[in-house]
Amino acid sequence: MTKRNIAIFIDSLGGGGAEKVMITLARQMQYQGHYVHFFILEPRIEYTDKSLNYSVLYETTCHRKSTSTGRLKQTARDMQQLVLQTEKSVGKFNLHLANLDPSCQVANLCSFKNIYYVLHNAMAQEIKREGKLGPLKLFRKLRQKKAYNNKHIVAVSEGVAQEALSGKLIKPASVTTIYNPINKAEIVTASEATNPDIPNEPYLIHAGRVVKQKRHDILFKALRLVPDIKLVLLCKNIPKALKLAKRYGVADRVITPQFQDNPYVWIKNAKALVSSSDFEGLGMNLIDSLICGTPVVSTDCDFGPNEILTGNLADFLVPTGDHKALADKINQVLKSPPTIDINEVSEKFGLEQATQKYLELIK
């Protein structure tokens, strides 16, 4: 097999979903003998895997400053130079993958060949959310999305792909759907580990950032209607999460462990994973949960959940913003959990299939 060089552009190597997906992909590509290098805008690195190759563009400047209107062109020039310097030692990159709006803006102004822009989220919902935060936020988001016009797009779900192809928000040159990959063996092994901090009582689990998109208000309202069970929140901003939980009267029922290197053991031991999001790109936590054998109750948001929860699992999809429906399904799953076909899930979202599809983008 011919060795290929792959460049991945992303804002940071923080603990977000897009970062996790790209790291999973990079590890598999490197396992297959390819070379993968991350180019990140800021030095926020929470993954400590020493096998990862990365370069930080700016050691002291956050990506919001480096991609401001006045700085964007200079940032792109600096990124182009950083990539050229890296190529002197590793060889030309055969494929470039740009992720997240700030990094995509930068890549858009560079002259990389064979570059694909990975869409991780529902664009219309993102724009709607930013519009509620004010005209300046809306203008910035709309400007960011222009970077995807006339570009080759990788969509992480069929829903994201259809939105891109609709032409309402962007006009891409092409759209290819590649589901975010999961490493079944790695997840199963990690989920079987022991952790003395796991509660000795039944609990639900929610994993995700404390942001409006995730709708913790709906989550906590639903929890009030589900008696006699705790909720584990796997998140970073614990003070913000507890403040919201207190507002909705459930702070005494919420467990907030610190950042977990191994979230899978927490998911496996939960009675169910609950997702209350208004929108997603795919919803990796849902897939992770099913691989762990843990049922999922989720809002049927744009996009992803209805591509993951199919067959008998589709009964546990509820309308967005409806805390009563969410509570009803949580109560139902606690009384009668569904059968989960782990092999079927891993086949659909398998790591080897996704990796092969990405490598097929190399011209």
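The values are calculated or read from the model by the stated rules, or taken from the named source; none is laboratory data. Please read all numbers here as calculations on a predicted model, not as lab measurements. Heads up, the Cβs are rebuilt from the backbone with ideal geometry, glycines too, and the neighbour counts pull from every protein chain shown. When the accessible area is computed, the model is the full protein with side chains, heavy atoms only, and any ligands, DNA or RNA have been set aside. Shrake-Rupley method; radii C 1.70, N 1.55, O 1.52, S 1.80 Å.
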List the residues, sorted by chain then number, that are 5 or more residues from His120 or on another chain and whose placed amide H is less than 5 Å from its amide H. Leu100
Once you compute Rg and the Kirkwood Rh from C-alpha atoms, what is the Rg to Rh ratio for the range 15-174? 0.95
Under 5 Å from the placed amide H of Leu95, counting only residues 5+ away or on other chains, we find Asn5, Ala7
Percentage of interatomic Cα-Cα distances in the range 108-214 larger than 25 Å: 42 percent
Work out, in µm²/s and without decimals, the Stokes-Einstein translational diffusion coefficient of the chain at 25 °C, 0.890 mPa s, Rh from Kirkwood over C-alpha pairs. 116 µm²/s
Per residue, how much accessible area does the range 1-128 have with a 1.4 Å probe, in Å²? 43 Å²
Enumerate the amide H contacts of Ser55 below 5 Å, restricted to partners 5 or more residues apart or on another chain; note that Pro and chain-start residues carry no placed amide H. Phe38, Phe39, Ile40
With a bin width of 5 angstrom, please list the P(r) values of the range 89-156 as percents of all Cα-Cα pairs, from the 0 bin to the one holding the largest distance. 3, 16, 25, 22, 14, 9, 5, 3, 2, 0
HN-Hα J in Hz across the range 338-354 - Karplus 6.51, -1.76, 1.60, θ = phi - 60°, x for Gly and Pro: x, 7, 10, 8, 4, 5, 5, 5, 5, 5, 6, 10, x, 5, 5, 5, 5
Compute the distance in nm between two label points, each set 7 Å from the Cα along the Cα-to-Cβ direction, one at Arg143 and one at Leu165. 3.2 nm
Computed log₁₀ I(q)/I(0) - Debye formula, equal Cα scatterers, no solvent, the range 1-91, q 0.25 Å⁻¹: -1.33
Under 15 Å, Cβ to Cβ, from Gly167 - net charge with Lys/Arg +1 and Asp/Glu -1: +4
Keeping the other protein chains in place, figure out the carbon and sulfur percent of the accessible area of the chain, with a 1.4 Å probe. 49 percent
Cα centre as origin, Lys/Arg/Asp/Glu Cβ charges: the range 228-363 dipole, Debye: 740 debye
Over 32 Å (Cα to Cα) among Lys92/Lys236; Lys92/Lys168; Lys132/Lys329; Lys50/Lys357; Lys246/Lys348; Lys92/Lys132 -> Lys92/Lys236; Lys92/Lys168; Lys246/Lys348; Lys92/Lys132
In whole Hz, with x marking every Gly and Pro, tabulate ³J(HN,Hα) for the range 20-34 from phi via Karplus 6.51 cos²θ - 1.76 cosθ + 1.60, θ = phi - 60°. 4, 4, 5, 5, 4, 5, 4, 4, 5, 4, 5, 4, 7, x, 8
Positive end of the charge dipole of the chain (Lys, Arg +1 and Asp, Glu -1 on Cβ, about the Cα centre): tell me which of Ala124, Ser12, Gln105 has its Cα farthest that way. Gln105
Lys and Arg at +1, Asp and Glu at -1: neighbours of Cys235 with Cβ under 10 Å from its Cβ sum to +4
Probe of 1.4 angstrom, ligands and nucleic acids ignored: what's the accessible area per residue over the range 205-306, in square angstrom? 38 Å²
Quick one: Cα convex hull volume of the range 263-363, Å³ per residue? 103 Å³
